[in-house]
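Before any comments, here is the structure.
The values are calculated or read from the model by the stated rules, or taken from the named source; none is laboratory data. It should be emphasised that the depicted structure is a prediction, and the values quoted were computed from it without experimental measurement. Cβ coordinates were reconstructed from backbone atoms using ideal geometry, including for glycine residues, and neighbour counts include every protein chain displayed.
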Amino acid sequence: MKTISSEVLAYINRKPFLLTALSQGIINLTSLARQIQPEIEETLKKSAKSGAIVMALKRISDNEEFLATHKIIKVLKNIGDITVRSSLTDYCFKVSDSLLQTQSEFLNHIKSDSTIFYTSTRGVAESNIIVSNSLKDAVASFFEKEHCLSIEEELSAISMKLPTENVKVSGIYYFIFQRLSWEGVNIREVISTSNEFTILTDEDSVDTAFGVIKNLRNL
């Protein structure tokens, strides 16, 4: 059931800049309530008193989640370098007794080429390697005895440098994923270290994803 509170929250969630301003306490709630009243009434299909909208806004701005959002935004404003790499392929292999040795031999083969992209992740039953498309033949040769579960081509990676305090603030990744999701960006894979964060996405989504991540600095 739609209520004034639920519709006000939905409205604010669609407006990242308003969310930030509310978390910082720099918005006149009465003025904001008057401004958004027509849209709230339209979604509710009935009249809504501005005083009730003000109360809903106050509850939102006092909520601990919004206070936590303010901490997240302070960290994201200091995102460092953002790097984009395109024309990548993601290979998923079944974990085997020989897989680590195969990866070691492959890495030794490509270590002198600074122009290529390589990263890997390992789970309990499967391991992924993400490489430049130009290494397709080398992967086929080195990993021919390994069990390949899937191959995803025409991907791009966006890597960003996070401030060191990111490890002390909960919700950083959720905040980034939320905004990427709002823009319809499908995340294929996530690779992270303590202060670096990489997402793998389809090449036709990379421009949108880059714009979202870049704009995090301006929240």
Does region 184-193 contain any residue that is free of Cβ contacts under 8 Å to residues at least 40 places away in the same chain, under 26 Å from GLU105 (Cα atoms) and not polar (S, T, N, Q)? yes
Contacts under 9 angstrom Cβ, first residue in region 20-41 being assigned to a helix (DSSP H, G or I), partner among the hydroxyl-bearing types (Ser, Thr, Tyr) and modelled with pLDDT under 85, 6 or more apart: THR20/THR69; LEU22/SER61; LEU22/THR69; SER23/SER61; SER23/THR69; LEU29/SER61
Which numbered condition ALA10 misses (of (1) among the aliphatic types (A, V, I, L, M); (2) at pLDDT below 90; (3) surrounded by 14 or more Cβ atoms within 10 Å (Cβ to Cβ)): (3)
When residues of region 93-113 are limited to those that are outside any helix (DSSP H, G or I) and not hydroxyl-bearing (Ser, Thr, Tyr), the one nearest to the chain's Cα centre (by Cα): PHE93
Condition check: assigned to a loop (DSSP other than H, G, I, E, B) and either outside the structural domain of THR208 (by TED's automatic domain parsing) or under 16 Å from GLU153 (Cβ atoms) (or both). Does ILE116 satisfy that? yes
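In this structure, does TYR118 turn out to be under 13 Å from the mean Cα position of the chain (by Cα) and either aromatic (Phe, Trp, Tyr) or modelled with pLDDT of 95 or more (or both)?
When the stated conditions are applied, TYR118 does not pass them.
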Under the condition of being part of a strand (DSSP E or B) and buried (at least 16 other Cβ atoms within 10 Å of the Cβ), which residue from region 52-92 is nearest to the chain's Cα centre (by Cα)? ARG85
Closer than 30 Å to VAL169 by Cβ, at pLDDT 95 or above, assigned by TED's automatic domain parsing to the domain that holds CYS148 and of a type outside the set (Gly, Ala, Ser): is that true of ASP90 in this structure? yes
